[in-house]
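A short worksheet on the structure shown next.
The values are calculated or read from the model by the stated rules, or taken from the named source; none is laboratory data. All values reported here derive from a predicted model rather than from experimental measurement. Because the Cβ atoms are built from the backbone with ideal geometry, glycine has one as well, and the counts that use them run over all protein chains shown.
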Amino acid sequence: MKVGTQHGHSDAILRQCAAFGVNNICSGLPSAKMDEAWTVEGLSRLRETVASHGISLDMVPLPMSSSEISRAEMPGDLSRAQSERDRGIDDICQMIRNCARAGIMQVKYNFTLIGIPRSGTAPGRGRSRYSEFVFERAKQDPPLTIAGKVDADTYWERITYFLEKVVPVAEEYKVKMGCHPQDPGVPKGTGWRGVDAGAPDRRTA
(Lines give C-alpha, C1' and ligand atoms only; values in the text may rest on other atoms or scores of the structure.)
Protein backbone atom coordinates (compact mmCIF):
# COMPACT_ATOMS: atom_id res chain seq x y z
CA MET A 1 0.00 0.00 0.00
CA LYS A 2 1.20 3.53 -0.81
CA VAL A 3 0.29 6.79 0.86
CA GLY A 4 -1.00 9.11 -1.82
CA THR A 5 -3.20 12.11 -2.39
CA GLN A 6 -5.35 13.83 -5.00
CA HIS A 7 -5.25 17.44 -3.80
CA GLY A 8 -3.66 18.88 -6.94
CA HIS A 9 -0.27 19.54 -8.46
CA SER A 10 0.65 23.16 -7.77
CA ASP A 11 4.20 23.77 -6.56
CA ALA A 12 2.90 24.64 -3.09
CA ILE A 13 0.92 21.39 -2.83
CA LEU A 14 3.80 19.32 -4.19
CA ARG A 15 6.23 20.85 -1.67
CA GLN A 16 3.84 20.01 1.16
CA CYS A 17 3.34 16.47 -0.12
CA ALA A 18 7.09 15.93 -0.30
CA ALA A 19 7.53 17.31 3.22
CA PHE A 20 4.96 14.87 4.59
CA GLY A 21 6.49 11.89 2.80
CA VAL A 22 3.83 11.51 0.14
CA ASN A 23 5.59 9.96 -2.83
CA ASN A 24 2.69 9.09 -5.15
CA ILE A 25 -0.16 11.31 -6.26
CA CYS A 26 -3.13 11.65 -8.53
CA SER A 27 -2.85 15.11 -10.06
CA GLY A 28 -5.54 17.69 -10.41
CA LEU A 29 -7.47 17.81 -13.68
CA PRO A 30 -5.06 18.76 -16.50
CA SER A 31 -7.88 20.53 -18.36
CA ALA A 32 -11.66 20.34 -18.60
CA LYS A 33 -11.47 19.75 -22.37
CA MET A 34 -9.23 18.22 -25.00
CA ASP A 35 -6.54 20.87 -25.45
CA GLU A 36 -2.78 21.41 -25.16
CA ALA A 37 -2.74 20.14 -21.55
CA TRP A 38 -3.88 16.73 -22.80
CA THR A 39 -1.24 16.42 -25.53
CA VAL A 40 1.68 14.05 -25.01
CA GLU A 41 3.93 17.08 -24.50
CA GLY A 42 1.58 18.70 -21.99
CA LEU A 43 1.15 15.50 -19.98
CA SER A 44 4.89 14.84 -20.07
CA ARG A 45 5.56 18.30 -18.65
CA LEU A 46 3.05 17.62 -15.88
CA ARG A 47 4.72 14.31 -15.02
CA GLU A 48 8.16 15.95 -15.02
CA THR A 49 6.96 18.81 -12.80
CA VAL A 50 5.66 16.33 -10.25
CA ALA A 51 8.84 14.26 -10.50
CA SER A 52 10.98 17.35 -9.81
CA HIS A 53 9.63 17.21 -6.24
CA GLY A 54 10.61 13.55 -5.87
CA ILE A 55 7.00 12.43 -6.36
CA SER A 56 5.55 9.94 -8.83
CA LEU A 57 2.53 11.00 -10.86
CA ASP A 58 0.65 7.71 -10.72
CA MET A 59 -2.73 8.86 -12.03
CA VAL A 60 -4.60 11.74 -13.64
CA PRO A 61 -8.34 12.40 -13.53
CA LEU A 62 -10.30 12.45 -16.77
CA PRO A 63 -12.74 15.35 -17.27
CA MET A 64 -15.54 13.24 -15.79
CA SER A 65 -15.55 14.48 -12.22
CA SER A 66 -17.99 14.00 -9.37
CA SER A 67 -19.74 17.32 -9.99
CA GLU A 68 -23.50 17.52 -10.42
CA ILE A 69 -24.23 17.13 -14.13
CA SER A 70 -24.96 20.81 -14.82
CA ARG A 71 -21.47 21.67 -13.57
CA ALA A 72 -19.70 18.64 -15.07
CA GLU A 73 -16.93 18.99 -17.63
CA MET A 74 -18.52 16.43 -19.95
CA PRO A 75 -22.23 16.13 -19.15
CA GLY A 76 -23.03 14.52 -22.48
CA ASP A 77 -22.53 10.93 -21.43
CA LEU A 78 -25.96 10.99 -19.83
CA SER A 79 -27.81 13.87 -21.44
CA ARG A 80 -26.66 14.77 -24.97
CA ALA A 81 -27.43 13.56 -28.46
CA GLN A 82 -25.61 10.50 -29.76
CA SER A 83 -23.21 12.44 -32.02
CA GLU A 84 -22.12 14.73 -29.18
CA ARG A 85 -21.71 11.77 -26.84
CA ASP A 86 -19.48 10.04 -29.38
CA ARG A 87 -17.30 13.12 -29.81
CA GLY A 88 -16.79 13.30 -26.06
CA ILE A 89 -15.89 9.61 -25.90
CA ASP A 90 -13.43 10.06 -28.78
CA ASP A 91 -11.72 12.78 -26.75
CA ILE A 92 -11.54 10.50 -23.71
CA CYS A 93 -9.95 7.76 -25.82
CA GLN A 94 -7.32 10.17 -27.13
CA MET A 95 -6.57 11.39 -23.62
CA ILE A 96 -5.93 7.79 -22.57
CA ARG A 97 -3.61 7.20 -25.54
CA ASN A 98 -1.69 10.38 -24.75
CA CYS A 99 -1.40 9.47 -21.07
CA ALA A 100 0.25 6.17 -22.01
CA ARG A 101 2.63 7.89 -24.42
CA ALA A 102 3.58 10.32 -21.65
CA GLY A 103 4.23 7.49 -19.18
CA ILE A 104 1.09 7.97 -17.07
CA MET A 105 -0.52 4.56 -16.83
CA GLN A 106 -3.60 5.17 -14.67
CA VAL A 107 -6.66 7.40 -15.02
CA LYS A 108 -9.77 7.85 -12.92
CA TYR A 109 -13.27 9.02 -13.73
CA ASN A 110 -16.75 9.36 -12.31
CA PHE A 111 -20.06 8.55 -13.97
CA THR A 112 -22.66 10.46 -12.03
CA LEU A 113 -25.71 12.66 -12.44
CA ILE A 114 -26.15 13.97 -8.95
CA GLY A 115 -22.59 14.65 -7.85
CA ILE A 116 -21.81 14.15 -4.19
CA PRO A 117 -24.95 14.85 -2.15
CA ARG A 118 -24.48 15.93 1.44
CA SER A 119 -26.97 16.65 4.19
CA GLY A 120 -24.67 18.87 6.25
CA THR A 121 -21.68 18.48 8.54
CA ALA A 122 -20.89 16.67 11.76
CA PRO A 123 -18.33 17.48 14.48
CA GLY A 124 -14.97 15.76 14.01
CA ARG A 125 -11.72 15.55 15.91
CA GLY A 126 -10.65 18.74 17.64
CA ARG A 127 -12.43 21.68 16.05
CA SER A 128 -12.82 20.06 12.65
CA ARG A 129 -16.09 19.19 10.99
CA TYR A 130 -16.83 16.31 8.66
CA SER A 131 -19.17 16.41 5.70
CA GLU A 132 -21.93 13.86 6.02
CA PHE A 133 -24.89 12.36 4.23
CA VAL A 134 -27.87 11.14 6.25
CA PHE A 135 -30.62 10.18 3.87
CA GLU A 136 -33.47 11.08 6.20
CA ARG A 137 -32.12 14.65 6.60
CA ALA A 138 -31.25 15.26 2.96
CA LYS A 139 -33.36 17.22 0.52
CA GLN A 140 -33.44 17.14 -3.25
CA ASP A 141 -32.41 20.62 -4.34
CA PRO A 142 -33.05 20.97 -7.23
CA PRO A 143 -35.51 18.08 -7.44
CA LEU A 144 -34.21 16.97 -10.87
CA THR A 145 -30.96 17.46 -12.74
CA ILE A 146 -30.81 18.82 -16.30
CA ALA A 147 -30.96 15.20 -17.48
CA GLY A 148 -34.50 14.87 -16.12
CA LYS A 149 -35.78 11.49 -15.00
CA VAL A 150 -33.25 8.76 -15.75
CA ASP A 151 -34.30 5.20 -15.05
CA ALA A 152 -31.90 2.39 -14.18
CA ASP A 153 -32.00 0.81 -17.65
CA THR A 154 -31.05 4.10 -19.34
CA TYR A 155 -28.30 4.75 -16.81
CA TRP A 156 -26.77 1.32 -17.30
CA GLU A 157 -27.11 1.54 -21.10
CA ARG A 158 -25.07 4.77 -21.10
CA ILE A 159 -22.45 3.33 -18.75
CA THR A 160 -22.16 0.17 -20.87
CA TYR A 161 -21.88 2.19 -24.08
CA PHE A 162 -19.05 4.26 -22.62
CA LEU A 163 -17.14 1.25 -21.31
CA GLU A 164 -17.47 -0.71 -24.55
CA LYS A 165 -15.91 2.22 -26.42
CA VAL A 166 -13.21 3.20 -23.94
CA VAL A 167 -12.01 0.02 -22.22
CA PRO A 168 -10.54 -1.55 -25.40
CA VAL A 169 -8.41 1.57 -25.89
CA ALA A 170 -7.24 1.46 -22.28
CA GLU A 171 -6.40 -2.23 -22.64
CA GLU A 172 -4.50 -1.66 -25.88
CA TYR A 173 -2.37 1.03 -24.25
CA LYS A 174 -2.16 -0.80 -20.90
CA VAL A 175 -3.72 2.08 -18.99
CA LYS A 176 -5.64 1.16 -15.84
CA MET A 177 -8.98 2.91 -15.28
CA GLY A 178 -10.48 3.56 -11.86
CA CYS A 179 -14.17 4.44 -11.50
CA HIS A 180 -14.97 6.46 -8.41
CA PRO A 181 -17.89 4.79 -6.62
CA GLN A 182 -21.12 6.69 -6.13
CA ASP A 183 -20.57 8.87 -3.08
CA PRO A 184 -22.67 8.05 -1.19
CA GLY A 185 -24.73 5.18 -2.52
CA VAL A 186 -28.38 6.25 -2.62
CA PRO A 187 -31.09 3.72 -1.74
CA LYS A 188 -32.44 2.03 -4.87
CA GLY A 189 -35.89 3.08 -5.96
CA THR A 190 -35.88 6.44 -4.17
CA GLY A 191 -35.85 8.41 -7.41
CA TRP A 192 -33.25 10.69 -5.81
CA ARG A 193 -32.98 13.73 -8.14
CA GLY A 194 -34.27 11.74 -11.04
CA VAL A 195 -32.01 8.70 -10.71
CA ASP A 196 -33.73 5.39 -10.07
CA ALA A 197 -30.54 3.34 -10.37
CA GLY A 198 -29.66 3.83 -6.72
CA ALA A 199 -26.77 1.93 -5.17
CA PRO A 200 -26.16 -0.59 -7.96
CA ASP A 201 -26.02 -4.30 -7.32
CA ARG A 202 -24.23 -4.94 -10.62
CA ARG A 203 -21.39 -2.45 -10.44
CA THR A 204 -18.89 -2.43 -13.30
CA ALA A 205 -15.33 -2.82 -12.06
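Could you check, for segment 135-154, whether at least one of its residues is touching a Cys at 6+ places or on another chain (Cβ under 8 Å) and under 30 Å from Gln94 (Cβ atoms)? Quick ask: steps written out before the conclusion?
From segment 135-154, those touching a Cys at 6+ places or on another chain (Cβ under 8 Å) are none; that's our starting set.
No, the conditions are met nowhere in segment 135-154.
Of (1) under 30 Å from Glu48 (Cα atoms); (2) exposed (fewer than 14 other Cβ atoms within 10 Å of the Cβ), Pro143 satisfies all except one. Which?
(1)
Which one is surrounded by the fewest Cβ atoms within 10 Å (Cβ to Cβ), of the residues in segment 3-35 that are over 20 Å from the mean Cα position of the chain (by Cα) and charged (D, E, K, R)?
It comes out as Asp11.
Just one of the numbered conditions (1) under 20 Å from the mean Cα position of the chain (by Cα); (2) surrounded by 12 or more Cβ atoms within 10 Å (Cβ to Cβ) is not true of Pro168; which one?
Just one mismatch for Pro168, condition (2).
When you scan segment 45-52, do you find a residue that is at pLDDT 95 or above, among the β-branched types (Val, Ile, Thr) and surrounded by fewer than 18 Cβ atoms within 10 Å (Cβ to Cβ), even just one?
yes
How many residues does segment 118-136 hold that are basic (Lys, Arg) and surrounded by 10 or more Cβ atoms within 10 Å (Cβ to Cβ)? Give the derivation first.
The initial filter retains those residues of segment 118-136 that are basic (Lys, Arg), namely 118, 125, 127, 129.
Remaining after also requiring surrounded by 10 or more Cβ atoms within 10 Å (Cβ to Cβ): 118, 129.
Residues meeting the conditions: 2.
Give me a count of the residues in segment 25-53 that are outside any helix (DSSP H, G or I), within 20 Å of Asn98 (Cα to Cα) and in contact (Cβ under 8 Å) with a residue 12 or more places away in the chain.
Quick first cut of segment 25-53, residues outside any helix (DSSP H, G or I) only: 25-35, 39, 52-53.
If we keep only those that are within 20 Å of Asn98 (Cα to Cα) as well, we get 25-35, 39.
Then drop every residue that is not in contact (Cβ under 8 Å) with a residue 12 or more places away in the chain, which leaves 25-34, 39.
Summing the residues that are outside any helix (DSSP H, G or I), within 20 Å of Asn98 (Cα to Cα) and in contact (Cβ under 8 Å) with a residue 12 or more places away in the chain in segment 25-53 gives 11.
What is the number of the single condition among (1) within 28 Å of Asp58 (Cα to Cα); (2) among the hydrophobic types (A, V, I, L, M, F, W, C); (3) in contact with a Ser or Thr (Cβ under 9 Å, 6 or more places away or on another chain) that Cys99 does not meet?
Cys99 satisfies every listed condition except (3).
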